[in-house]
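Readers should treat all values here as calculations from the given coordinates under stated rules, not as data from a laboratory. Everything numeric in this text was worked out from a predicted model, so none of it was measured. In this analysis, Cβ positions are derived from the backbone assuming ideal geometry, glycine residues included, and neighbour counts consider all displayed protein chains.
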Amino acid sequence: MSADPQVKKYRSLFLSDIHLGTRGCKAEFLLDFLKNHDAETVYLVGDIVDGWRLRRSWFWPQAHNDVVQKLMRKARKGARVVYIPGNHDEFLRGYLGTQMGGVEIVDQTIHESASGKKYLVIHGDQFDVVVRHAKWLALLGDWAYVSALNLNTLVNFCRRKLGLTYWSLSAWAKLKVKNAVNFIGNFEETLVGEARRQNVDGVICGHIHHAANHSDFGLHYINTGDWVESCTAVGETFEGTFEVIKWTRTAAPAALPAPESKLHEEEAVA
């Protein structure tokens, strides 16, 4: 654990949907986040590496390698690091129950918070009927999402020239599509149902790139978001509360308000 007083320390950190190996991955933002945050336990909640994209075309810049090295360094320094594969890094599901460089690989796990509450930690793709029953449709959606990211770059180049602020076309489009089929609500309710079935107090997941922290369905639902668009993570404080942290690298990250959460302000160090 780091002794640097500038590093924000948590009991646990949860990260998902980093999508290393894609051009949309905000690896530089994540490196800055990891430099400024530490935890006793780090959960990697799936889609850390994008095997789907890497199989089609290789893209692995130094920053992506640096993220892997940074996470493994945390493990070497004493942090417990737990990797729960998702659908984009499903190749690691062949190594469940093993360790790689001190990183545990499991399909799902139960996290006990400092307050004694138990949380199912799972990526969540198992409950996405699009991925589970029509993988070709999910792959088409992945292609469309990457195309939206490329268009988003062009749109924001023009917006900068006009003096306008950043706008995420792909996040907007994806949210519109998901809402059109009630996907997000159904996904959240389904994951809460699984947590209830496993007799725990809540669930922490990823997969849909939509950070959340609420108890709308009777149990605590937490989604870590992603490092393609939102650049969010979840931190558990030493008191057992959970914060969704948005990291913008050069601006102060803000925790999103939610039940059982505490707001915090901290200065990002460049």
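Here's the picture: a label point sits 7 Å out from the Cα of R80 along the beta-carbon direction, and within segment 37-67 the residues with their amide nitrogen under 19 Å of it are 38-46. One decimal place: the segment K118-N199 gains 28.3 nm when fully extended, by the rule 0.36 nm per residue minus the C-alpha distance.
So if R0 is 35 Å, what FRET efficiency would T248 and D216 give, r being the distance between their Cβ atoms, rounded to the nearest 0.05? Taking R0 as 35 Å, the efficiency between T248 and D216 is 0.85. When only alpha carbons are used to place a centre, segment 15-87 and segment 192-231 end up 20 Å from one another. Extension gain, E189-K35: 0.36 nm per intervening residue step, less the Cα-Cα distance, totals 52.0 nm. Between D107 and N65, the modelled labels are 3.5 nm apart [label points 7 Å from Cα along Cα→Cβ].
When each of the peptides 62-74, 198-210, 92-104, 229-241 is scored by how many other beta carbons lie within 10 Å of its residues on average, the order from highest to lowest is 198-210, 229-241, 62-74, 92-104.
By its C-alpha gyration tensor, with a ≥ b ≥ c as the square roots of the eigenvalues, how is segment 11-102 shaped: rounded for a/c under 1.5, else prolate for a/b larger than b/c, else oblate? Oblate, since a/c reaches 1.5 and b/c is not below a/b.
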